[in-house]
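J.: Structure incoming, see below.
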Amino acid sequence: NPIHYRMEIEPFDYIHDNDMGFAAGNVVKYITRWEYKDGIKDLYKAKQYIEMLIAKELKNGKSGT
């Protein structure tokens with residue numbers, strides 16, 4: 001097992017147990033492993049998924065409040 005999979009709570013289990021969608025699940029995955037795997041590259045990936053979630057919410061008429 002690579003170090004980015006050796007955590008007290010596996011990201012997959014957290015994502016699955018909390019019924020998270022694809023984009024939100026990827027945010028959790030990339031934020032959880034960024035220090036152990038691909039560094040800033042993973043932070044950019046998480047940011048991309050966050051931006052996608054924001055765009056989707058705004059498109060659906062949600063203001064964020």
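J.: Filter segment 32-41 down to the residues that are surrounded by 13 or more Cβ atoms within 10 Å (Cβ to Cβ) and outside any loop (DSSP other than H, G, I, E, B) and list them by number.
T.: So the first thing to find is which residues in segment 32-41 are surrounded by 13 or more Cβ atoms within 10 Å (Cβ to Cβ), and the list is 32-34, 36-38.
T32, R33, listed by residue number.
J.: Let me ask something additional. Of everything in segment 51-62, what is free of Cβ contacts under 8 Å to residues at least 24 places away in the same chain and open to solvent by less than 90 Å² (accessible area, probe 1.4 Å)? Give them in sequence order.
T.: Answer for segment 51-62, where residues must be free of Cβ contacts under 8 Å to residues at least 24 places away in the same chain and open to solvent by less than 90 Å² (accessible area, probe 1.4 Å): A55, E57, G61.
J.: With the checklist (1) open to solvent by 100 Å² or more (accessible area, probe 1.4 Å); (2) within 13 Å of the chain's Cα centre (by Cα); (3) modelled with pLDDT under 90; (4) not charged (D, E, K, R) in hand, flag the one item Y44 doesn't pass.
T.: Status for Y44: all satisfied but (3).
J.: Please find, among K56, K29, the residue that is of a type outside the set (F, W, Y), more than 9 Å from the chain's Cα centre (by Cα) and assigned to a helix (DSSP H, G or I).
T.: Details: K29 fails: more than 9 Å from the chain's Cα centre (by Cα).
Answer to the selection: K56.
J.: Now, a different point. What are the residues in segment 6-26 that are assigned to a helix (DSSP H, G or I), farther than 20 Å from I54 by Cβ and open to solvent by less than 60 Å² (accessible area, probe 1.4 Å), if any?
T.: So in segment 6-26, the residues assigned to a helix (DSSP H, G or I) come out as 11-17, 22-26.
Those left that are additionally farther than 20 Å from I54 by Cβ: 11-14, 16-17.
Once the filter is applied, which keeps residues that are assigned to a helix (DSSP H, G or I), farther than 20 Å from I54 by Cβ and open to solvent by less than 60 Å² (accessible area, probe 1.4 Å), segment 6-26 yields only P11.
The values are calculated or read from the model by the stated rules, or taken from the named source; none is laboratory data. All figures in this text were calculated on a predicted structure; none of them were measured in a lab. Heads up, the Cβs are rebuilt from the backbone with ideal geometry, glycines too, and the neighbour counts pull from every protein chain shown. Calculation scope for accessible area: heavy atoms of the full protein, side chains included, ligands and nucleic acids excluded. Shrake-Rupley method; radii C 1.70, N 1.55, O 1.52, S 1.80 Å.
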